[in-house]
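First up is the structure itself, then whatever we jot down about it.
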Amino acid sequence: MQSFPDLRLRRLREQPSVRTLTRETRLSASQFIYPMFVTHGSGLREPIEPMPGCYHFSLDRLTEEVGEAYELGIPGVLLFGLPAEKDPFGLEGYDPEGIIQEAVRTIKREVPGMMVICDVCMCEYTDHGHCGVIENGRNGPIIDNDATLELLARTAVTQAQAGADMVAPSAMMDGQVRAIREALNEEGYDDLPIMGYAAKYASAFYGPFRVAADSTPQFGDRRSYQMDPANARMAMREIESDIAEGADIVMVKPALAYLDVIRRASERFDHPLAAYNVSGEYSMVKAAGGHGWLDEKMVTMELLTAISRAGADIILSYHAKEVAQWLRNSG
Ligand code: PBG
């Protein structure tokens, strides 16, 4: 007896070829950005303990890794720098000869096709570990929004001068995209895109990154500038304001605990949407995979597919290179 409507949904799942044909979300190396850590010194490719598979690279070892990523079809890297010295004003962040500026020059010389994106923030460079300049407020130290804007703008300009293809402000200061846009335009870089870390939450998932970047705040936390994880509507306001200030690409960060925010943003805005699959999300998978508690590859692909399915056009992930390898081997 045939009943109608005919609900044989499994027809589309029987054959691998039909499953592939009807797949709604596909991952490709071309949608990934690979975050990397650059350090002073030479001959260095030092493992970052809480992020197995990630390294601190000195400039002379950077090219081989960037070259491999490029060969695998990854279009861009996002650079983070470890300065020689930290100080209250994060001087090396906007030094034209700073570690990041040198890294940009190195990559653009050796792997010119690779898009180089620079994170614009102060926390890797300040001795107090905060993302901006400290001032004395009524109730103790505060992060001075407008004093920080000036330094972020200066940072972005030196990165552009070094040859960066894009800048990505992540300090969560109000008005940072506008300040950077204006400074870039004044210096003649009106063609340089800005990827705004628009909805960046105050997340414990950044823990491993702070070990990697040695950027743990020395007092307090980042909750006076990064967003409350409980807020989704506020994320829409943050994205709206980044767009109004001139962001070309907007981002939600972290990704996995915020898939609802990615979904909302992708439905609401027509700007390209990036999602940052952050260090702690990576570490969890690596830790469980390393113990044999999960199938690491299957879980990684499932999670990254979820980020894409939620609506992210671009995925920043420490998994980028291994995923590109897996995709190449399976394709
Ligand atoms: C800088 C910055 C951070 C991350 C990216 N840019 C750290 C932070 O806000 O504490 C985190 C990235 C990650 O966890 O992978 N502000």
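Read the figures in this text as sums done on the coordinates, not as results from a lab. As the structure is a prediction and not an experimental result, all values here were calculated from the model. Reconstructed Cβ throughout: ideal geometry from the backbone, glycine too, with neighbour counts over all protein chains shown.
Can you tell me the Rg and the Dmax, both Å, for the Cα atoms in the stretch 74-167?
Here Rg and the maximum Cα pair distance are 14.2, 50 Å.
Indicate the gyration tensor shape class of the stretch 242-331 (rounded, prolate or oblate), computed on the Cα atoms with a ≥ b ≥ c the square roots of the eigenvalues: a/c under 1.5 is rounded; otherwise a/b larger than b/c is prolate and the rest oblate.
Working: a/c = 2.41, a/b = 1.93, b/c = 1.25.
It is prolate, given that a/c is not under 1.5 and a/b is the larger ratio.
Which order do the peptides 123-131, 234-242, 284-292 come out in when sorted by mean C-beta neighbours inside 10 angstrom, highest first? All intermediate terms of the calculation are to be shown ahead of the outcome.
Values: 123-131: 23.4, 234-242: 19.2, 284-292: 14.7.
Those peptides, ordered most packed to least, come out 123-131, 234-242, 284-292.
Rounded, prolate or oblate, given the Cα gyration tensor of the stretch 179-248, with a/c below 1.5 counting as rounded? Please report the intermediate quantities before stating the final value.
On the way: a/c = 2.69, a/b = 1.49, b/c = 1.81.
Because a/c hits 1.5 or more and a/b fails to exceed b/c, the stretch 179-248 counts as oblate.
Which value, in debye to the nearest 20, gives the size of the charge dipole of the chain about its Cα centre, when Lys and Arg are +1 and Asp and Glu are -1 at the Cβ? Don't skip to the answer; put the middle values down first.
Details: 32 positive and 48 negative charges, 357 e Å.
Charge dipole, the chain, about its Cα centre: 1720 debye, nearest 20.
So how far, in whole Å, is the C-alpha centre of the stretch 90-144 from the one of the stretch 159-192?
Each part reduced to its Cα centre gives a spacing of 12 Å.
What are the trypsin sites (Lys or Arg not before Pro) within the stretch 1-51 that DSSP puts in a loop, where the Cβ has at most 16 other Cβ atoms within 10 Å?
On the way: sites: 8, 10, 11, 13, 19, 23, 26, 45; in loops: 8, 13, 23, 26.
Passing sites in the stretch 1-51 are 8, 13, 23, 26.
Taking just the alpha carbons, could you work out the radius of gyration and Dmax for the stretch 128-226, both in angstroms?
Cα radius of gyration and Dmax of the stretch 128-226 are 14.3, 42 Å respectively.
Answer with one residue from 176, 231, 142: the one whose Cα lies farthest towards the positive end of the charge dipole of the chain, charges on Cβ with Lys, Arg +1 and Asp, Glu -1.
The one lying farthest along the dipole's positive direction is 231.
So which of 253/321; 108/286; 108/297 end up more than 29 Å apart, counting from Cα to Cα? Let's see the in-between values first.
Values: 253/321 20 Å; 108/286 31 Å; 108/297 32 Å.
Correct reply: 108/286; 108/297.
Using only Cα atoms, figure out Rg for the chain and give it as a multiple of 2.2 N^0.38 Å. Before the final figure, lay out each step's value.
Working: Rg = 20.6 Å, N = 331, 2.2 N^0.38 = 20.0 Å.
The chain yields a ratio of 1.03.
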